[in-house]
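Remarks on the structure that follows.
The values are calculated or read from the model by the stated rules, or taken from the named source; none is laboratory data. Bear in mind that the values here come from a model prediction, so they are computed numbers and not experimental data. Here Cβ is always computed from backbone atoms with ideal geometry, including for glycine, and neighbour counts include all displayed protein chains. The area values use the complete protein model at the heavy-atom level, side chains included, leaving out ligands, DNA and RNA. Shrake-Rupley method; radii C 1.70, N 1.55, O 1.52, S 1.80 Å.
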Amino acid sequence: MAEVWTMGELLVEIMRPRRGMPLSDAGEFLGPFPSGATAIFIDTVARLGHSAAIISGVGDDDFGTCLLDRFARDGVNVDHVSVVPHKTTGVAFVTYFPDGSRRFLYHWDHTPAVMGRAPEPSAVHSPKFFHVMGCALMPNEEFRQAVFDATKMFASRGAKVSFDPNIRFELLGGRAPQDILRPILEECSILFPGERELQLLTGESETERAVEKALAGPKMETIVLKRGARGAAVYSRDTRVEVPAFPIEEVDPTGAGDCFDAGFICGLLEGRSLKESAEIAAAAGALDAAAFGPMEGDISPQTVRAIRERRSAR
């Protein structure tokens, strides 16, 4: 059975080909690209050579086929992905603005993307990690509760819970992110926040105080603070390490953070140190950002090793 499990949205992404093309205007789009933060994460785990499974759903349509074909190619277990007749697969439209900011339009509530349900505990054998993306908790209360229930079940089966808050403010509908995410934080061992997310979750504006507060969680072991082009800082109760970002020509940063999470988890699965795991994470994120499309980067154990070796040779 899979070492790494996740539960959340499966979407296709339809993208503007260039910056500065508002979604409100008629014009060119490219896609569909397999997407969804949960999908990007778990596909990267598989591409990095580890057994991976996802709990989700797609419609019985061409967009669903797009996602399932990609998982079949990359080796993701989809035994718990429902193919729902008479429903359409979730879709996200995205555009970039000249300053690098993005806008998403999501069509996934009431789609199979939020209809997945966890398997019976007897069907889960020796999971190492259960990974949750915060955006999976935001579409509606029923699915959020299903993800909470799955998290507790996987934790009871021995999995460590890793969590990326991945806050999508356009999905919050005025709700406080702390209220939505708190039950996962209580089970979380590894947290992957951005700096603003860490401040929101802890109520602390100063990074060191925010990290200290987050590490006081009942099961928390590691905070992996993602800082974009400034790299990452990894904190445990007795360790802090800094890992710089890999310099790349950025094409499309969507999905890079999800690939980063996957790289870090894969490093831990291989028994690597926190620093080595963060280097693998940074390499996976850089490779993803160098390609157009949310999970189109050339990520494999070989390409990750190559980019790390190029840095070491300098």
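Residues of region 49-63 being open to solvent by 10 Å² or more (accessible area, probe 1.4 Å), of a type outside the set (Phe, Trp, Tyr) and in contact (Cβ under 8 Å) with a residue 40 or more places away in the chain, which ones? Matches in region 49-63: GLY49, HIS50, SER51. Do we have any residue at all in region 64-73 that's under 20 Å from ASP258 (Cβ atoms) and either touching a Lys or Arg at 6+ places or on another chain (Cβ under 7 Å) or outside any helix (DSSP H, G or I) (or both)? No, region 64-73 contains no residue that is under 20 Å from ASP258 (Cβ atoms) and either touching a Lys or Arg at 6+ places or on another chain (Cβ under 7 Å) or outside any helix (DSSP H, G or I) (or both). Looking only at residues of region 129-144 that are at pLDDT below 95 and either open to solvent by 10 Å² or more (accessible area, probe 1.4 Å) or acidic (Asp, Glu) (or both), we find that the one that is farthest from PRO177 (Cα to Cα) is GLU142.
Taking helices (runs of 4 or more DSSP H) as the structural unit, those lying wholly within region 209-314 and holding at least 2 residues that are in contact with a strand residue (DSSP E or B) (Cβ under 9 Å, 6 or more places away or on another chain) correspond to 256-269, 274-289. Every test in (1) open to solvent by 50 Å² or more (accessible area, probe 1.4 Å); (2) of a type in the set (S, T, N, Q); (3) not in a loop (DSSP other than H, G, I, E, B) is passed by SER126 save one, and that test is (3). With respect to the conditions (1) among the small types (Gly, Ala, Ser); (2) open to solvent by less than 50 Å² (accessible area, probe 1.4 Å); (3) touching a Ser or Thr at 6+ places or on another chain (Cβ under 9 Å), GLY100 falls short on a single one, namely (3).
Residues checked against (1) in contact with a Phe, Trp or Tyr (Cβ under 8 Å, 6 or more places away or on another chain); (2) surrounded by fewer than 19 Cβ atoms within 10 Å (Cβ to Cβ); (3) within 25 Å of ARG47 (Cβ to Cβ):
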| position | (1), (2), (3) |
| --- | --- |
| ALA159 | yes, no, yes |
| ILE184 | yes, no, no |
| LEU198 | no, no, no |
| GLU204 | no, yes, no |
| GLY217 | no, yes, no |
| LEU225 | yes, no, yes |
| THR239 | no, yes, no |
| GLU242 | no, yes, no |
| GLY255 | no, no, yes |
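Would you call GLY36 at positive phi and surrounded by fewer than 23 Cβ atoms within 10 Å (Cβ to Cβ)? So GLY36 does not fit the description; no. May I ask you to verify whether VAL83 is in contact with a strand residue (DSSP E or B) (Cβ under 9 Å, 6 or more places away or on another chain), surrounded by fewer than 18 Cβ atoms within 10 Å (Cβ to Cβ) and aliphatic (A, V, I, L, M)? Considered against the rule, which asks whether it is in contact with a strand residue (DSSP E or B) (Cβ under 9 Å, 6 or more places away or on another chain), surrounded by fewer than 18 Cβ atoms within 10 Å (Cβ to Cβ) and aliphatic (A, V, I, L, M), VAL83 comes out as yes.
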